[in-house]
Structure formats: C-alpha cells, structure tokens
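Asker: The structure is given below, and queries will be raised subsequently.
Throughout, read-outs are computed from the coordinates displayed, never taken from laboratory work. The shown structure was predicted, so the numbers you read here are calculated from the model rather than taken from an experiment. With ideal geometry, Cβ positions are generated from the backbone for all residues, glycine too; neighbour counts draw on all protein chains shown.
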Amino acid sequence: MTGQGDGVEHEIADADLAAGRGSGRYRAVCGVVVAPAALTARPGRPCRACAAEVDPAPEAAVDAHALRRALSAWVHRFQLRAERPRMREVAW
C-alpha cells in the first residue's frame, strides 16, 4: 500500500489490513502508520524496512559455503523486491 504522506509502498499484514478499515489508517509491517494514497496513484518506491521484515536475512549456518549461498539468494530476492519495475503511463 502506497502511503499518502511519504509516497513509499509499505507491506500491510492481513490482520492489520482488517483492523484499519474503520479508521482508514493501517499499520505497516515496519511499524509505520499509513494513510493510503488514492487507488489511481502510482506505486511508490518499496519500503526497505518492510522488505527486510517480510523476508528476513538467513540465520548463520555452521558451513561458511552454505551461509554464502543463503545470503546471496537473500540479497538477490531483496534487490528484486526493492527495485520492482514501475508501471508505465498509458497515453490514451
């Protein structure tokens, strides 16, 4: 959900989405209270704190090689989540 004030796209848990319907303000996974932007607004840049909460870094493994592989995969997923392509405007 893109916030009206900061223009950042935050992740909202299902329980918080249901809880915020009455007030129109939703608590993001990172802890920020979000007032949603209009549905016609473009998605904002993704919130890095929400992305880190949704997909946390892997735990340290005993094997250093296994840890490097796990961290590499996590960094790749994190970059993909943080650098999602923007929607293009369509000229009518």
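Asker: How high is the FRET efficiency from Ala35 to Arg77, r the C-beta distance, R0 35 Å, rounded to 0.05?
Answerer: 0.75
Asker: Using the Kirkwood formula on the Cα atoms of region 8-82, what hydrodynamic radius do you get, in angstrom to one decimal?
Answerer: Radius from the Kirkwood sum: 14.1 Å.
Asker: So, counting K/R as plus one and D/E as minus one, what does the shell of residues with Cβ under 11 Å around Ala28 add up to?
Answerer: -3
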